[in-house]
Amino acid sequence: MGKDPSALARDIEKELGKFIRDPVVTVIVSGFVGPYSEQIRVIGQAAKPQTLPYKQKMTILDVMIAVGGITDFADGNRATILRTSENNSQYRVRLKDLVKKGDVSANVEMKPGDVVIIPQSWF
């Protein structure tokens, strides 16, 4: 913990050197989500529910693109954002209008620590 990729590669080379002559190691970071306070979590009826790293100026549209949109069973216009940075305040978002109808007025800015909750439709 607390090492950059180069330092980690040197440590691995040192350990491998016990078994392999002159090892060369490259460490590539392929993903980083960060601490909970810097994550956006998407649960419920997203096509691919997941945790995303927060990025400055990130919007709910960016989040929906990353998770592949909403499922056919989602009640997208009853989705909420749980804003942990504001004592767990909840805000309604109109994901169906945004994703299915292209209504950009439904696009909102995300904040670090937000949780997007997408409920299932009851038909």
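Every number here is computed from the coordinates shown, using simple stated rules; none is lab data. None of the values given here were measured: they were computed from a predicted structure. Here the Cβ is made from the backbone with ideal geometry for all residues, glycine too, and neighbour counts use every protein chain on show.
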Original post:
By the gyration tensor of its Cα atoms, with a ≥ b ≥ c the square roots of the eigenvalues, what is the shape of the stretch 54-96: rounded for a/c under 1.5, prolate for a/b over b/c, or oblate?
Top reply: oblate
**OP:** Round to a whole angstrom and tell me the spacing of the C-alpha centers of the stretch 61-123 and the stretch 13-49.
**Re:** 28
Original post:
What are the ³J(HN,Hα) values, in whole Hz, obtained from phi via the Karplus relation 6.51 cos²θ - 1.76 cosθ + 1.60 with θ = phi - 60°, for each residue of the stretch 62-79 in sequence order, with x given for Gly and Pro?
Top reply: 4, 5, 5, 5, 5, 9, x, x, 10, 6, 5, 9, 6, 9, x, 7, 9, 5
Original post:
Mind ordering 16-22, 47-53 by average Cβ neighbours within 10 Å, highest first?
Top reply: 47-53, 16-22
**OP:** Compute the convex hull volume of the Cα atoms of the stretch 36-118, divide it by the residue count, and report the result per residue in Å³ as a whole number.
**Re:** 76
Original post:
Taking 0.36 nm per residue of separation and subtracting the Cα-Cα distance, what length does fully extending Thr71 through Lys48 add?
Top reply: 7.4 nm
**OP:** Starting from the amide H of Met110, placed 1.01 Å from N in the peptide plane, find each other amide H under 5 Å away whose residue is 5 or more places distant or on another chain.
**Re:** Met58, Thr59, Ile60
Original post:
Cα-Cα over 20 Å: which of Lys55/Lys111; Lys48/Lys96; Lys48/Lys100; Lys57/Lys111?
Top reply: none
**OP:** May I ask for the angle, rounded to the nearest 10°, between helix 5-16 and the longest principal axis of the chain, with both axes built from Cα atoms and the value confined to 0 to 90°?
**Re:** 40
**OP:** At 7 Å along the Cα-to-beta-carbon direction for both Val29 and Ile12, put a label point, then send me their distance in nm to one decimal.
**Re:** 1.4
Original post:
When the chain is modelled as a GNM with alpha-carbon springs shorter than 10 Å, which of Thr84, Thr26, Thr59 fluctuates the most?
Top reply: Thr26
**OP:** Given the options Val108, Val27, Val99, state which has the largest fluctuation in a GNM of the chain using a 10 Å cut-off (strictly under) for Cα springs.
**Re:** Val27
**OP:** Taking the Cα centre of the chain as origin, work out the dipole magnitude from +1 charges on Lys and Arg Cβ and -1 charges on Asp and Glu Cβ, in debye rounded to 20.
**Re:** 140
Subject >> Nonlocal amide H pairs with Val93, under 5 Å, H built at 1.01 Å >> reply: Ala79, Thr80, Ile81
Subject >> Protection proxy ranking, peptides 6-13, 62-69, average beta carbon neighbours within 10 Å, highest first >> reply: 62-69, 6-13
